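One structure below.
Please treat every number below as a calculation from the coordinates, not as lab data. For clarity, every value in this text was computed on a predicted model and none was experimentally measured. All Cβ positions, even for glycine, are placed from backbone atoms using ideal geometry, and neighbour counts span all protein chains on display.
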Amino acid sequence: MTIKVFGHYSPDTDCTGSAIIAAWFYSEILGRHAAPYVLGDLNPETKFVLERWGIPEIPVLEDVDAEDEVVVVDTNNAEELPASLEQAHILQIIDHHRFMGNITTSYVVDTTIRPLASTASVLLSLMSDDDRAKMPEAIKGLMLSCILSDTLEFRSPTTTDYDKAVAEELALELDLDLSAYAAQMFEAKSDVSDYSAEELVKMDSKMAEFEGQMYRIGVLETASPKVILDRKAELLEAQTKVCADENLAEAFLFIIDILNEEATLLVPNEATKSMAEKSFNAQVSGDTVVLPGIVSRKKQIIPQLKVA
């Protein structure tokens with residue numbers, strides 16, 4: 001039986017790369033055949049990374065069933081995973097997000113959640129020196145890409161000394177200029193011209209529940225925020241449409257300026273304005289507000305949100 005390895009909906013680079021790395025580890029180190037999957041379309045940065053390291057297309061997984069053995073990476077939130085997850089046998093959960101506690105099983109699941117900046121970092125921390133020595137170049141390249149993506153090349157407050165150290169070691173082993181490679185990734189990440197406004201609202205988003213209501217919290221990390229902000233009108237309309245289509249309280253969209261280390265929040269309505277003012281001590285006038293220093297959804301956005 002092939003073990004199915006996957007992460008969350010709206011897959012990003014760390015989610016996708018970690019699924020591939022974990023599948024390699026299970027297959028080549030543990031001797032149990034595993035295959036990576038994604039739960040949706042890939043963003044432009046992730047497509048660039050897979051092409052750069054010669055990784056073939058990853059199949060999309062629609063759902064799982066009682067016959068499946070699975071490994072979950074980069075999330076422990078049932079809201080972000082297949083509806084039938086609890087019917088499958090979950091072998092392991094490997095993550096770096098806060099513990100949600102909404103996955104229920106009748107057995108103990110091998111769970112590792114560590115306060116590192118990427119799930120790829122967690123995976124590396126679980127490997128012995130001998131395991132690491134067996135990693136092919138493509139797996140090392142994926143690990144480096146995951147860390148650079150989730151830390152925004154160490155700009156994010158989620159970055160730890162461990163993340164930075166292993167990224168620098170991997171770059172050295174790969175004979176890569178770390179900053180030049182990160183710039184290539186961010187350039188790819190910034191090219192969203194082929195995506196509709198609705199796709200951009202959903203592209204890199206997490207579902208969260210506050211006061212019994214569901215919210216979609218999207219971020220668009222870019223080195224060229226003006227390109228996205230030039231589409232502000234259609235993005236504001238798309239936020240309203242996504243809310244109606246998915247019966248959400250709100251669909252927030254934060255445009256993260258990687259180089260200037262700030263976020264621009266789109267403000268389509270009074271509820272979002274109120275949230276921004278209460279959560280970030282901001283003064284909002286108009287349909288956008290700049291939030292200096294805000295770059296991390298995990299550490300700076302979701303923990304601060306006040307929506308009531």
Counting only DSSP loop positions in the range 209-273, the GluC sites (Glu not before Pro) whose Cβ has at most 12 other Cβ atoms within 10 Å are Glu211
With Cα coordinates, the longest principal axis of the chain makes an angle with the long axis of helix 137-151, in degrees rounded to 10, of 30 degrees
Per the helix-only model, the chain has a calculated mean residue ellipticity at 222 nm (DSSP H runs of ≥4, -39500 (n - 2.57) each, divided over all residues, rounded to the nearest 500) of -10500 deg cm²/dmol
The helix 270-280 Cα axis meets the longest alpha-carbon principal axis of the chain at an angle in degrees, between 0 and 90 and rounded to 10, of 60 degrees
With Cα springs under 10 Å, the Gaussian network model of the chain assigns the largest mean-square fluctuation among Lys273, Lys140, Lys241 to Lys241
Helix 232-246 sits off the longest principal axis of the Cα atoms of the chain, rounded to the nearest 10 on a 0 to 90 degree scale, by 70 degrees
Taking the dipole of the range 1-126 about the Cα centre (Lys, Arg +1; Asp, Glu -1; charges at Cβ), the one of Thr119, Ala78, Thr104 that reaches farthest to the positive side is Thr119
Quick shape check on the range 1-126: root eigenvalues a ≥ b ≥ c of the Cα gyration tensor, a/c under 1.5 is rounded, otherwise prolate if a/b tops b/c, else oblate, and it reads rounded
Mean separation of Cα contacts under 8 Å (at least 6 apart) over the residue count of the chain, i.e. the relative contact order in percent, is 13 percent
Proxy exposure order for His96, His33 (fewest C-beta within 10 Å first) is His33, His96
Quick calc, the chain, dipole around Cα centre from Cβ unit charges on Lys, Arg (+) and Asp, Glu (-), nearest 20 debye, gives 740 debye
About its Cα centre, the range 197-304 carries a charge dipole, from +1 on Lys and Arg Cβ atoms and -1 on Asp and Glu Cβ atoms, whose size in debye to the nearest 20 is 240 debye
Of all DSSP beta bridges having both residues in the range 197-304, the percent classed as antiparallel (nearest 5) is 65 percent
Magnitude of the Cβ-charge dipole (Lys and Arg +1, Asp and Glu -1) of the range 60-165 about the Cα centre, nearest 20 debye, reported as 620 debye
